[in-house]
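Right, one structure below, let's go through it.
The values are calculated or read from the model by the stated rules, or taken from the named source; none is laboratory data. Every value quoted in this text rests on a predicted model; they were computed, and no experiment measured them. When we count neighbours, we look across all protein chains shown, and the Cβ atoms used for this are built from the backbone with ideal geometry, even at glycine.
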2 protein chains.
Amino acid sequence: MKILDCTIRDGGYYTNWDFDQDIVKTYLESFNQLPVEYLEVGYRSQPMGEYLGEYFYCPVETLQRLKSISQKKLVIILNEKDVRAADAESLLSPITGLVTMVRMAIDPKNFKRALSLAAEVKRLGFEVAFNVMYMSTWADEKEFLELIPKVDEVADYFYMVDSFGGVYPQDVKDTIALVRSKTKVKLGFHGHNNLEMALANTLTAIHEGIDIVDATVTGMGRGAGNLKTELLLTVLNAKGLLDFPYNELSKTVDDFTKLQKHYEWGTNLPYMVSGANSLPQKQVMEWVSKRYYSFNSIIRALNNQSQGKVDN
Amino acid sequence: MKILDCTIRDGGYYTNWDFDQDIVKTYLESFNQLPVEYLEVGYRSQPMGEYLGEYFYCPVETLQRLKSISQKKLVIILNEKDVRAADAESLLSPITGLVTMVRMAIDPKNFKRALSLAAEVKRLGFEVAFNVMYMSTWADEKEFLELIPKVDEVADYFYMVDSFGGVYPQDVKDTIALVRSKTKVKLGFHGHNNLEMALANTLTAIHEGIDIVDATVTGMGRGAGNLKTELLLTVLNAKGLLDFPYNELSKTVDDFTKLQKHYEWGTNLPYMVSGANSLPQKQVMEWVSKRYYSFNSIIRALNNQSQGKVDN
């Protein structure tokens, strides 16, 4: 079982993908000593119509700097909705040799289109991972389910993403069984922490023989955030499954703990309500981050959504 | 299945058992609208050699004030190690009619002595709950295991406490089966959140048919804290098991969220290490709260403890 840390990529939702160079350097140096296989450091993207920071584009110079410090396999992710197969070569050929794996964030409704993009990424020589969102809805996505066997030809990993942060261990088991009935590709799990179930769900996935799991330092990531890397490593260490120098881990945890006090990611009542009721957390994050809505008014709006009412 | 909220009692470890009257009033008024059966509001204690606040003693006037606001069953807890059976009448007879249930925090090594205290508490007319610590060690406590059947005569609830915050769902199942093989008393579970497993463990306990579970608002409680009341209620609400006005819940959650930013309870790397390795969190809390130890030095000390070395 491998671990992928995606702190910089997913944490960028809070910092608009800008990070202090010293924090990134300490992060990379710490992880050189930790039993983690892959580091996902950002997106590669076409120019967007708004300001987005360094790790939303990961220019070649940035990746060269990271690669000069890190001994780990570097990963970037593409937002499938914004990238067509025809764009792959211009986005990715400049980073050959710097990046080992390319992930794609995929809405299952666009799965067919994603398969074409994946074929192109594979042709360019990268390991390919599918990050397929909304795992709690898959059982109803007939067209997507029929297409899953096609990943055998183009993907190295097929990730199940708990986008709403609302799944439980039994859902993880059921979804693994569902996907395994369709493909032999290696499986991954990316858990969100709205209900503080990220560890329980990830341990379930590991127990079911999953091949790779995601985590981020201090859980930094969009909305309520992710499984905490330091929690996963500590638990697996106590179970005797891996070992590492705690001093190295705590250096980078210290840095991100300070950032957390500023940006305040992590779960809270609005994220719990959105997770438990499978509501998208993008909007909740906007409300919570703006800080001029009370929990009260956010909860009222979410409650109306979960009951299908219009906000007042 | 019933819920007991012990925010004021367990949160007192951070405030030295002093709470602003307005916060307590909002808390009690909010809970009047929530599907929670019991509120544990503090300790009853003999005078101690250091300053300890209002809710460490719960004087009669305090309980009268709470009772005039709350429609819930009030609970106090006794530290069994500090209270003998002979003290029970002087400590408890003044609060008859104000408090419904008396809990006792019990080290399994003192279980025989606790049975005498419980008999006395029962004689005074209270519901009696055993809060038995260190559930992860019980399987090795032969004398304690032999005494468990005696609780049938004196206790209304027998709580399993995950003192180190290090148990997993399978441990919860195993411990419930162990206790059920010894007694027919109603069972309770008090989960700590060092490994963010409090919800997963509590849901497992509920699935196994447990009779009562503990939680605190925002998880406020000693060390890494507890299962969050708002999380438990939100999850059970989404599962269709109970209903309540979210506005009432969010009023008291708002108050304790502000307190949390000051006192900073919740898990972090040192608490994760202590939980995963079954080390007492009292000392970790002292180190973390003093803030002049780095995570680095705390982790080093904990790591030495878990390997049986002496601190340097």
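Flag set for B:Asp255, criterion: within 11 Å of chain A (Cβ to nearest Cβ) and more than 15 Å from the chain's Cα centre (by Cα). Scanning segment A:269-283 for residues that are closer than 20 Å to B:Thr257 by Cβ and within 13 Å of chain B (Cβ to nearest Cβ) yields a count of 8. I need the full set of residues from segment A:16-29 which are farther than 21 Å from A:Met101 by Cα and either of a type in the set (A, V, I, L, M, F, W, C) or crowded, with 18+ Cβ neighbours inside 10 Å (or both), in order please. A:Phe19, A:Ile23, A:Thr26 - these are the residues of segment A:16-29 that are farther than 21 Å from A:Met101 by Cα and either of a type in the set (A, V, I, L, M, F, W, C) or crowded, with 18+ Cβ neighbours inside 10 Å (or both). Looking only at residues of segment A:226-239 that are outside any helix (DSSP H, G or I) and without any contact (Cβ under 8 Å) to a residue 60 or more places away in the chain, we find that the one that is farthest from A:Arg9 (Cα to Cα) is A:Lys239. Within segment B:174-190, not a single residue is within 21 Å of A:Gly165 (Cβ to Cβ) and crowded, with 23+ Cβ neighbours inside 10 Å.
Residues that are more than 7 Å from chain A (Cβ to nearest Cβ) and either surrounded by 13 or more Cβ atoms within 10 Å (Cβ to Cβ) or closer than 21 Å to B:Ile8 by Cα (or both) within segment B:240-250 comprise B:Leu242, B:Phe244, B:Pro245, B:Glu248, B:Leu249, listed in sequence order. For segment B:102-120, the tally of residues that are among the hydrophobic types (A, V, I, L, M, F, W, C), in a helix (DSSP H, G or I) and within 30 Å of B:Gly166 (Cβ to Cβ) stands at 5.
Among the conditions (1) modelled with pLDDT under 95; (2) buried (at least 21 other Cβ atoms within 10 Å of the Cβ); (3) closer than 21 Å to B:Arg300 by Cβ; (4) not charged (D, E, K, R), A:Asn268 misses just one, which is (3). The number of residues in segment B:188-213 being in a loop (DSSP other than H, G, I, E, B), within 14 Å of chain A (Cβ to nearest Cβ) and within 16 Å of B:Val132 (Cβ to Cβ) comes to 1. Just one of the numbered conditions (1) closer than 23 Å to A:Glu230 by Cα; (2) part of a loop (DSSP other than H, G, I, E, B); (3) touching a residue at least 60 places away in the same chain (Cβ under 8 Å) is not true of B:Tyr293; which one? Here B:Tyr293 meets the rest and fails (3). In the set A:Ser68, A:Ser45, only one residue is surrounded by fewer than 21 Cβ atoms within 10 Å (Cβ to Cβ), under 18 Å from the mean Cα position of the chain (by Cα) and among the small types (Gly, Ala, Ser); that residue is A:Ser45. Just one residue in the set B:Leu241, B:Leu269, B:Leu259 is under 23 Å from B:Gly188 (Cβ atoms) and of a type outside the set (Phe, Trp, Tyr); that residue is B:Leu241.
A:Asp255 meets all of the listed conditions (1) out of contact with any Leu (no Cβ under 7 Å at 6 or more places or on another chain); (2) part of a loop (DSSP other than H, G, I, E, B) but one, namely (2).
Under 7 Å between Cβ atoms, at least 6 apart or on separate chains: pull out the pairs that start in segment B:265-278 with a residue that is touching a residue at least 60 places away in the same chain (Cβ under 8 Å) and end on any residue that is β-branched (Val, Ile, Thr) and part of a helix (DSSP H, G or I). Here the result reads B:Tyr271/B:Val284; B:Met272/A:Thr234; B:Ser274/B:Val284; B:Ala276/A:Thr234; B:Ala276/A:Val235, each pair linking segment B:265-278 to a residue that is β-branched (Val, Ile, Thr) and part of a helix (DSSP H, G or I). The set of residues from segment B:71-113 being touching a strand residue (DSSP E or B) at 6+ places or on another chain (Cβ under 6 Å), under 24 Å from B:Thr252 (Cβ atoms) and surrounded by fewer than 20 Cβ atoms within 10 Å (Cβ to Cβ) comprises B:Lys73, B:Thr100. Report, ordered by the first and then the second residue, all pairs with beta carbons closer than 6 Å, sequence separation of six or more or different chains, a first member in segment B:45-66 that is farther than 12 Å from B:Ile8 by Cβ, and a second member that is in a loop (DSSP other than H, G, I, E, B) and aromatic (Phe, Trp, Tyr). If the second residue must be in a loop (DSSP other than H, G, I, E, B) and aromatic (Phe, Trp, Tyr), the pairs left are B:Leu52/B:Trp17. All of (1) under 25 Å from A:Met133 (Cα atoms); (2) at the interface with another protein chain (Cβ under 9 Å from one of its Cβ atoms) hold for A:Arg222 with one exception: (2). Just checking, does segment A:196-212 include any residue being surrounded by fewer than 19 Cβ atoms within 10 Å (Cβ to Cβ), closer than 24 Å to B:Pro169 by Cα, without any contact (Cβ under 8 Å) to a residue 40 or more places away in the chain and acidic (Asp, Glu)? Scanning segment A:196-212 turns up at least one residue that is surrounded by fewer than 19 Cβ atoms within 10 Å (Cβ to Cβ), closer than 24 Å to B:Pro169 by Cα, without any contact (Cβ under 8 Å) to a residue 40 or more places away in the chain and acidic (Asp, Glu). Flag: B:Leu232 matches the condition of being under 21 Å from B:Thr26 (Cβ atoms), modelled with pLDDT of 95 or more and within 12 Å of another protein chain (Cβ to nearest Cβ). Only a single criterion out of (1) in a loop (DSSP other than H, G, I, E, B); (2) touching a Lys or Arg at 6+ places or on another chain (Cβ under 9 Å); (3) at pLDDT 95 or above is not satisfied by A:Gly223, namely (3). Among the residues of segment A:80-123, those that are touching a residue at least 24 places away in the same chain (Cβ under 8 Å) and of a type in the set (Lys, Arg) comprise A:Lys81, A:Arg84, A:Arg103, A:Lys109, A:Lys112, A:Arg113, A:Lys122. State yes or no: is A:Ala129 closer than 20 Å to A:Leu74 by Cα and in contact with a strand residue (DSSP E or B) (Cβ under 7 Å, 6 or more places away or on another chain)? Considered against the rule, which asks whether it is closer than 20 Å to A:Leu74 by Cα and in contact with a strand residue (DSSP E or B) (Cβ under 7 Å, 6 or more places away or on another chain), A:Ala129 comes out as yes. Which count do you get for residues in segment A:178-190 that are small (Gly, Ala, Ser) and farther than 13 Å from A:Ile148 by Cβ? Total satisfying the criteria: 1.
Taking segment A:195-247 as the range and being of a type in the set (Gly, Ala, Ser) and either touching a Gly at 6+ places or on another chain (Cβ under 9 Å) or under 25 Å from B:Thr234 (Cα atoms) (or both) as the test, the residues that pass are A:Ala198, A:Ala200, A:Ala205, A:Ala215, A:Gly219, A:Gly221, A:Gly223, A:Ala224, A:Gly225, A:Ala238.
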